1. For segment 140-156: of the residues being open to solvent by 10 Å² or more (accessible area, probe 1.4 Å) and at pLDDT below 85, which is farthest from residue 96 (Cα to Cα)?
2. Mind listing just one residue for me: the one in segment 352-373 that is among the hydrophobic types (A, V, I, L, M, F, W, C) and in contact with a helix residue (DSSP H, G or I) (Cβ under 7 Å, 6 or more places away or on another chain) and, of those, farthest from residue 264 (Cα to Cα)?
3. Sort out which residues of segment 217-237 are of a type outside the set (Ser, Thr, Tyr), under 23 Å from residue 428 (Cβ atoms) and modelled with pLDDT under 90, and write them in order of number.
4. Residue 455 is checked against (1) surrounded by fewer than 17 Cβ atoms within 10 Å (Cβ to Cβ); (2) small (Gly, Ala, Ser); (3) modelled with pLDDT under 90 and fails just one. What number does that condition carry?
5. So, of the residues in segment 272-306 that are assigned to a loop (DSSP other than H, G, I, E, B) and charged (D, E, K, R), which turns out to be most open to solvent (accessible area, probe 1.4 Å)?
6. On the basis of being closer than 30 Å to residue 313 by Cβ, crowded, with 19+ Cβ neighbours inside 10 Å, modelled with pLDDT of 90 or more and aliphatic (A, V, I, L, M), does residue 258 make the cut?
7. Taking the condition surrounded by 16 or more Cβ atoms within 10 Å (Cβ to Cβ), small (Gly, Ala, Ser), touching a helix residue (DSSP H, G or I) at 6+ places or on another chain (Cβ under 7 Å) and in contact (Cβ under 8 Å) with a residue 12 or more places away in the chain, does residue 419 pass?
8. Here are 269, 336: which of them is open to solvent by 30 Å² or more (accessible area, probe 1.4 Å) and either among the hydrophobic types (A, V, I, L, M, F, W, C) or closer than 18 Å to residue 377 by Cβ (or both)?
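The values are calculated or read from the model by the stated rules, or taken from the named source; none is laboratory data. Keep in mind that this is a model prediction, so the values were computed, not measured. Cβ atoms come from the backbone with ideal geometry, glycine included; neighbour counts cover every protein chain shown. Areas reflect the complete protein model, heavy atoms only, side chains present, ligands, DNA and RNA absent. Shrake-Rupley method; radii C 1.70, N 1.55, O 1.52, S 1.80 Å.
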Amino acid sequence: MAGAGSGCRVWNEPEPARDQGKPLPFLAMKVLIVGAGEVGFHLAQRLSEEGQDVILIESDPERAEFASQHLDVLTIVGNGASIPVLTEAGAKGAKVMLAVTSQDEVNVISCLAASRMGIQYTIARISTPEYYRRDSVLSGEQMGIDLMINPERECAWETFQLLQSAAATDVAHFADGRVQLMGVRVKEGAPVAGKTLARIAADLEDSHYVTVAIVRKGETIIPRGRDRIEAGDQIYLLAPSDEVREIPRLAGYEGFTLRRVMIAGGSTEGEYLAQLLEQHGVECTILDNDRRRCLELAENLPRSLVLHADATDLELLEMEGVAGIDGFVAATGHDETNMLSSLLAKTVGARKVVSLVHKFEYLPLVPKVGIDAAVSPRMSTVNAILRYVRRGRVMTVAALKGIDAEAIEFKVSETCAIAGSTIVNLHLPEGAVIGTILRDDDIILPTGADEIRPGDEVIVFALPSAISEIERLFEA
């Protein structure tokens, strides 16, 4: 990652790197959010549910009114790049500024004004590549931005991770990649279908999986040993990264190797994904119905095949061999087109289909209509921001699509209140479970008798209602 140290941390590499800058205290913060679009709304909702003092600034009166009616936050109508508006919002007493409008320039100027007014941490949603160049006069360092997040690159990297498995609907990495969280949908007749977690643990005694959540008919369950997994359930498991390859088989899926991928749509996300596929030796074909864009893509992607074509043309998809393709990604700028082309590709026989979805309200529809997985640039941005905002004791955060829960990785300090306590004595809140303890080189799947020790890294899976209490348990 560029910009290590005390300067601007820039998420501009194909694979997002862990930020190692100054710790940001999470508890009892005043947070200013500029932009009440889907990213800003979701961030305000998450942070306010966890007891943060959130002030939301939005220039569109109707959008501001909607946020005010649906969120327990102070909403101010105005331009987040305006000094008087920031003063009215109490910027001088705020700890963090999150500038997440859809306009890069507004986000940059908002952060510049906030840093001049004494806000300690500024984060900007930035898509324009020029801002990421370290020699640019408008770089993040020059503008006083602590972290710039590129939604399209974040989304492309998440898509690449999902393509690695036929089963995965969600993927997140912890402990520098040693532990992985995977979401999968359980097929009819799968080895784990119809069994309790206690029975599965007994049957798989030599395996190391922890089921941290079950989503059934839209309800999220933080399970215990007596809970049963049923066909059709969406389950989330934590496992050592070198063992996750067995998870798809347990959920009823066959083995999978990614060799060929077709991308429908020459969007920025599609281009970034193609770059990743080229770097990893995966054969890539891109379809786009804009001839000029096809010429640009062909010049930028020398090892990919670029076709001027309509991704919703079923006959074309069949001619181009979608039936035998390992991965199909719908990445146009239109959600409806993406979902339609994904369904067509799935019908023709593509093994793994991923759809780019911009609107949050469409995300729950994806599994219902038969699409394997969805990615969202906006949700990827939310995840990247939460990873940074919750730093200090918090090392990694994963907010997942279609589920009201988060996986959070904590570092246990010498002065942490729970250091030396056994799990059974922690009295975890309802809606939270400790999934994994990492101690030196050991990955521990905990029982109630296991002790939390200083230096441990603990991965907790929790519903929003339990997160603030979990934070207090791990407070130094």
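1. Keep residues of segment 140-156 that are open to solvent by 10 Å² or more (accessible area, probe 1.4 Å), which gives 141-144, 146, 152-154.
Still in the list and also at pLDDT below 85: 141-144.
Working: 141: 17, 142: 18, 143: 16, 144: 13 Å.
Ranking the qualifying residues of segment 140-156, first place goes to 142.
2. 360
3. 219, 221, 222, 223, 224, 225
4. Looking at each condition in turn, residue 455 falls short on (3).
5. Applying the first criterion (assigned to a loop (DSSP other than H, G, I, E, B)) to segment 272-306 yields 280-282, 289-290, 301-304.
From the residues that got through so far, the ones that are charged (D, E, K, R) too are 290, 303.
On the way: 290: 73, 303: 157 Å².
It comes out as 303.
6. So residue 258 passes the test.
7. no
8. Residue meeting the stated conditions: 336.
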